[in-house]
Amino acid sequence: MIQDYFSIAMRNLRKRKLRSWLTMVGIFVSVATIFTLVSLSLGLQFAVEEQFEMLGSDKFFIQPRGMLGPPQAGAAVEMTKQDVEIVDKTKGVMRTTYFTIGSAEVKFKDATRYYSVFGIPIEGLELYEETGSLEIEEGRDLEKGDRGKIIIGNHYKSRNIFGEQVKAGDKFIINGQEFKVKGILQIIGNPDDDRLIMMGAEDFEELFETGDRVDYIMAQTNEGEDINEVAENVERKLQKHRGVDEKTQDFTILTPDEILAIFGTILNIITAFLGGVAAISLFVGGLGIMNTMYTSVLERTKEIGVMKAIGAKNGDMLMIFLIEAGLLGLVGGVVGVFLGYGISKGIEVIATRQLGTTLLQAAAPWYLILGCLLFAFLTGAISGSLPAWNASRTNVVDALRYE
């Protein structure tokens, strides 16, 4: 019996091909929108989780409360090298490093750009590069005793930021002082990392006159230590050193779980908002199906009367029209899934080639595809429920007389 319902519904849809496709436009645009948004959101989430897996679960981070960066960039408070020493001496901490940021005028040959420059103690460079999964592609890394040398991101080489390719051994003029490019990093996929300029802390302090200021501290725990316990110990020691308590604390400690939770919350808010926008277009698509089904019921009033006269029951008519409406939604969903996947992959390619980031990826897990198809089918069926009910309640005599 169910097979007969589907056969009749499919026959009716094929008889009205143009109207059926026009009705489905609203559905597949809506499903494509939802699929694209969720796909990119999931892809971003997977990429972030992958980055944190590479980061490891034994590192945590400390920064001044407020905007990250130097005072001229708007940081509310300052941390110093003394804070780094406190962290380094805390039980459970294996090693620490830090960096300080400055905005600089960077010249290469005849071109001038303005970028952020990072100052990092050379002895702590290994931890910093491990944290950011940074590896040298060309040239060599900074070594103890290196002065007047820098490490730069891959975009200076691969994207010709200065109008021509930069190679290891070339020279930059940073705030009027000459620095030799000792190494170029492999491409990371994050534009900020791929435009990175790093120099030793001694060179940085002389160039920017920052003194003991520190903008960001990274710490790695000993193997087997509970990172949350170590982070709490560090927090208490820093509170005592800086003369603050929980209410007046002027620094923030972030563990990988906390950072991931923050990213997750932001992604969920963005996805929910964009999903709400997509739901509006889905509602419009549902109205289109309802309108089409009402028209179909009116056009087939006499056919309904004939079917009921030869034995079709109200439930049979209800199922035929519900399945027909559901199929409209399902076919629209199938087209929408293909369209959505194509759009999301296109955005991924554009983001990779034009923006230089691999964080924006298209994800198409089975549950997303199945969810979109089921959602589209239910939207069609629900939208067609009222017209289907009207069809099932049609009076046989009136239907046979209908012209």
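The values are calculated or read from the model by the stated rules, or taken from the named source; none is laboratory data. Given the structure is predicted, the values throughout are model-derived calculations rather than measurements. A quick note on method: Cβ atoms are made from the backbone with ideal geometry, for glycine too, and the neighbour counts reach across all protein chains shown.
So the values come out like this:
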| item | result |
| --- | --- |
| So ILE197, is it closer than 18 Å to GLU126 by Cα and either free of Cβ contacts under 8 Å to residues at least 60 places away in the same chain or among the β-branched types (Val, Ile, Thr) (or both) | yes |
| Qualifying residue in the range 350-357 (condition: in contact with a Gly (Cβ under 9 Å, 6 or more places away or on another chain), under 19 Å from SER41 (Cβ atoms) and modelled with pLDDT of 80 or more) | no |
| Count of the range 158-181 residues which are modelled with pLDDT under 90 and not in a loop (DSSP other than H, G, I, E, B) | 1 |
| Sole residue being assigned to a helix (DSSP H, G or I), over 24 Å from SER57 (Cβ atoms) and charged (D, E, K, R), chosen from GLU235, GLU205, GLU246 | GLU205 |
| Any hit, the range 125-138, residues being in a helix (DSSP H, G or I) and among the hydrophobic types (A, V, I, L, M, F, W, C) | yes |
| Tally, over the range 107-148, of residues that are of a type in the set (Phe, Trp, Tyr), touching a residue at least 60 places away in the same chain (Cβ under 8 Å) and closer than 21 Å to ILE161 by Cβ | 3 |
| Subset of the range 87-109 that is hydroxyl-bearing (Ser, Thr, Tyr) and assigned to a strand (DSSP E or B) - its residue that is surrounded by the most Cβ atoms within 10 Å (Cβ to Cβ) | TYR98 |
| Given (1) exposed (fewer than 13 other Cβ atoms within 10 Å of the Cβ); (2) among the aliphatic types (A, V, I, L, M); (3) at pLDDT 80 or above; (4) closer than 14 Å to ILE27 by Cβ, index of the condition VAL331 fails | (1) |
